[in-house]
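I have placed the structure first, in the form of structure tokens, so that the comments after it can refer back to it.
Any read-out appearing in this document is the output of simple, stated calculations on the displayed coordinates, not a laboratory observation. Worth saying up front: this structure is predicted, and the values here are computed from it rather than measured. In this analysis, Cβ positions are derived from the backbone assuming ideal geometry, glycine residues included, and neighbour counts consider all displayed protein chains.
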Amino acid sequence: MQLSKNFSLREMTKSQTATRKGIPNKPTGTHQSNLVLLCQHILQPIREHFKKPVRITSGYRSAELCVAIGSSVNSQHAKGQAADFEITGISNQVLAEYINENLNYDQLILEFWNKSDPNSGWVHCSFNNNVENRKQFLRAYRNNEGKVKYDVYNAEDYVTESDIIGGAKAK
Ligand SMILES: [Zn+2]
């Protein structure tokens with residue numbers, strides 16, 4: 001079943017963990033409607049702008065699947081409002097900045113991206129039809145102690161971040 005021109009329900013619900021563990025990952029009617037909105041407002045415009053396939057690495061997660069993978073049951077993934085994705089050959093930073101500048105999203109996270117590898121990490125983006133979208137743009141990274149941190153996105157942070165990851169200190 002297609003949710004929009006280029007996105008199917010199958011790719012939005014596919015999960016290796018669900019398959020392996022036999023966990024059902026079937027959205028309710030409301031969650032499926034949310035997935036349609038996410039495709040229409042976020043994923044399909046991205047597909048049309050970059051003219052390349054958008055690879056969904058994680059879309060819908062049923063509550064049972066959230067528990068199995070250690071994701072919060074309150075995650076927007078569990079409501080059909082969020083997806084993780086990337087486009088082969090496009091830097092995830094370029095992708096996230098495009099979304100921020102051109103689309104009406106709720107929350108956008110550039111996840112674990114580092115400048116030395118444009119394909120590193122992934123982009124998380126959500127759309128919420130029920131409230132005013134927050135347009136909250138964050139970056140997720142690991143600090144020096146290996147803890148996951150979320151900061152408001154600032155492109156300049158990556159100058160320092162990539163220097164730390166690359167082992168060479170910034171001047
Ligand atoms: Zn996500």
Vicinal HN-Hα couplings computed from phi for the range 6-12 (Karplus, 6.51 cos²θ - 1.76 cosθ + 1.60; Hz; Gly/Pro x): 10, 10, 9, 4, 4, 6, 7
Sequence-distant residues sharing a close amide H with S58 (under 5 Å, placed H): D84
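Would you work out the charge dipole size for the range 1-158 about its Cα centre, treating the Cβ of every Lys and Arg as +1 and the Cβ of every Asp and Glu as -1, and quote it to the nearest 20 debye?
On the way: 19 positive and 15 negative charges, 125 e Å.
Dipole about the Cα centre, nearest 20: 600 debye.
Which value, in Å to one decimal place, does the Kirkwood hydrodynamic radius take for the range 1-143 when every pair of different Cα atoms is included? Intermediate values should be presented prior to the final figure.
Numbers: mean 1/r = 0.0658 Å⁻¹.
Answer for the range 1-143: a Kirkwood hydrodynamic radius of 15.2 Å.
For the range 23-92, report the translational diffusion coefficient in µm²/s to the nearest whole number, using Stokes-Einstein at 25 °C, 0.890 mPa s, and a Kirkwood Rh over Cα pairs.
Values: Rh = 12.7 Å.
So the translational diffusion coefficient is about 193 µm²/s.
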Counting only residues 5 or more apart in sequence or on a different chain, those whose built amide H sits under 5 Å from that of N114 are S120
Most exposed first by the Cβ proxy, i.e. fewest other Cβ within 10 Å, how do R61, R142 rank? R142, R61
